[in-house]
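Written below as structure tokens is the structure these notes are about.
Coordinate-derived values only; no laboratory data. Everything numeric here is computed off the predicted structure, so don't read it as measured data. When we count neighbours, we look across all protein chains shown, and the Cβ atoms used for this are built from the backbone with ideal geometry, even at glycine.
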Amino acid sequence: MPAESATWRVCRSIDERSAIFERGHNLITKKGRLLDASVQAAYVHHIRRATRFLYIENQYFIGSSHAWFSDPLKECTNLIPLEIVTKVVNMIKLGRDFRVYIVIPMFPEGAPESDAVQEILYWQYLTVEMMYIRIGIDRM
């Protein structure tokens, strides 16, 4: 049996507090800080190209807040969760086996009982809840 090959991509996010940016493409300003938008673009590109599965590790899996069913926020605007939903729904409609593995820590960095960590956990819950509901609705 021939071995199957796989292609992996590692993407990291960073802002101007951790690196020095030269002005150019892929930089956006959010809340007065420069951010490198190429990470989101890389995620979206590879989600769309995935054929069998997605494996994502993320300390803060939060996004697509405009699509949350309760407490929509304008601050969590990355498109990654909705891109994953779109990919899963399309694969279901095509009748193709496709898996998504999203690994997040039980508690992100910080004291678990702190208001900041509890808020992050709540936002993660809203993100995942939206994904499950949308997949259930959109696949039909």
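General remarks:
- Annotation note: GluC sites (Glu not before Pro) in region 20-120 located in DSSP loop regions with a Cβ neighbour count of at most 12 within 10 Å are Glu22, Glu75, Glu109, Glu113.
- Cβ-placed point charges (K, R +1; D, E -1), dipole of region 83-140 about Cα centre in debye, nearest 20: 600
- Trypsin sites (Lys or Arg not before Pro) within region 91-129: DSSP coil, no more than 16 neighbouring Cβ in 10 Å: Arg96
- According to the Kirkwood relation over distinct C-alpha pairs, the hydrodynamic radius of region 20-140 is 15.8 Å.
- Leu34 long-range amide H proximity, modeled H, under 5 Å: Glu16
- Residues whose amide H falls under 5 Å from that of Ala50, counting only those 5 or more places apart or on a different chain, are absent, with hydrogens built in the peptide plane.
- Amide H contacts of Val100: Leu54, each under 5 Å away and 5 or more positions distant or on a separate chain (H built 1.01 Å from N in the peptide plane; Pro and chain starts excluded).
- Candidates per chymotrypsin sites (Phe, Trp or Tyr not before Pro) in region 40-140, loop by DSSP, up to 12 other Cβ within 10 Å: Phe69
- Phi-based couplings in Hz for region 106-113 (Karplus 6.51, -1.76, 1.60; Gly and Pro marked x): 4, 9, x, 3, x, 6, x, 8
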